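Here the structure is laid out as structure tokens; the discussion comes afterwards.
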Amino acid sequence: MSVLDKNKIDGIGKSESENKLALMIADHLDWENELEHLTLLQDKINAYVSFIESGQVYNFYPDAKSVDGFIFDLMFRYEPTENCNKLLEFFSKSTQDLKIEFEINVF
């Protein structure tokens with residue numbers, strides 16, 4: 001699974017260091033077509049937000065009922081662009097009420 005599979009959770013588990021549920025997004029795409037890539041990433045993040053807002057997360061992962069928040073763990077193969085960082089900043093601000101934070105890793 002990857003950023004291309006917008007309706008699938010790439011990875012899910014309890015954070016080892018915090019009482020939060022981590023949801024991974026695996027992004028292996030380069031930035032050659034930045035607009036398409038940003039659209040795919042936005043769709044994936046929106047699907048994850050809907051997964052939480054709808055309560056599906058609690059059906060899928062019952063232990064999530066006791067967590068203090070959520071982490072969207074973005075695993076990029078290529079360094080995010082400036083526009084990607086702006087998109088993630090927007091999402092970070094707009095999902096604060098859901099207690100979602102974003103972690104970015106580049107491999």
- Query: Which value at 222 nm does the chain reach when only helices count, each DSSP H run of 4 or more adding -39,500 (n - 2.57), with the total divided by all residues and rounded to the nearest 500 deg cm²/dmol?
  - Reply: -11000 deg cm²/dmol
- Classify the range 63-107 as rounded, prolate or oblate, taking a ≥ b ≥ c as the square roots of the eigenvalues of its Cα gyration tensor: rounded when a/c is under 1.5, otherwise prolate if a/b is larger than b/c and oblate if not. oblate
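Give the percent of DSSP beta bridges with both residues in the range 11-106 that are antiparallel, rounded to the nearest 5.
Numbers: 4 of 18 bridges.
Percent antiparallel among DSSP bridges in the range 11-106 is about 20.
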- Message: If I compute mean projected area of the Cα convex hull in nm² from the structure I just sent, which labelled value in [x] 6.3; [y] 8.6; [z] 7.5 lines up?
- Response: [x]
- Item | Extended-chain gain in nm, criterion 0.36 nm per residue less alpha-carbon gap, residue 86 and residue 47 | 12.2 nm
- Taking springs between alpha-carbon atoms closer than 10 angstrom, which of 34, 18, 82 fluctuates most in the Gaussian network model of the chain? 82
- Item | Highest-MSF residue in the chain out of 88, 41, 29 [GNM, Cα springs under 10 Å] | 29
- Query: Of 60, 102, 76, whose Cα points farthest to the positive end of the dipole of the chain (charges on the beta-carbon: +1 Lys, Arg; -1 Asp, Glu; origin at the Cα centre)?
  - Reply: 60
- Note on the structure: Expected max-MSF residue from 68, 30, 97 in the GNM of the chain (alpha carbon, under 10 Å) is 97
- Message: Cut-off under 22 Å on the C-alpha distance; same-chain residues fewer than 8 positions from residue 93 excluded. Which lysines are left, in chain and number order?
- Response: 6, 20, 44
- Unit charges on C-beta of K, R, D, E only; dipole of the chain, Debye: 400 debye
- the range 1-18 to the range 62-76: how many Å between their Cα centroids? 9 Å
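For residue 66 and residue 39, what is the calculated FRET efficiency with R₀ set at 25 Å and r taken between the beta-carbons, to the nearest 0.05? Write down the numbers at each step before the final one.
Numbers: r = 35 Å, r/R0 = 1.39.
FRET efficiency, residue 66 to residue 39: 0.10.
Read the figures in this text as sums done on the coordinates, not as results from a lab. Predicted model, so just to flag it, every value in this text is computed and none were measured. Note: ideal-geometry Cβ built from the backbone for every residue, glycine included; neighbour counts use all protein chains shown.
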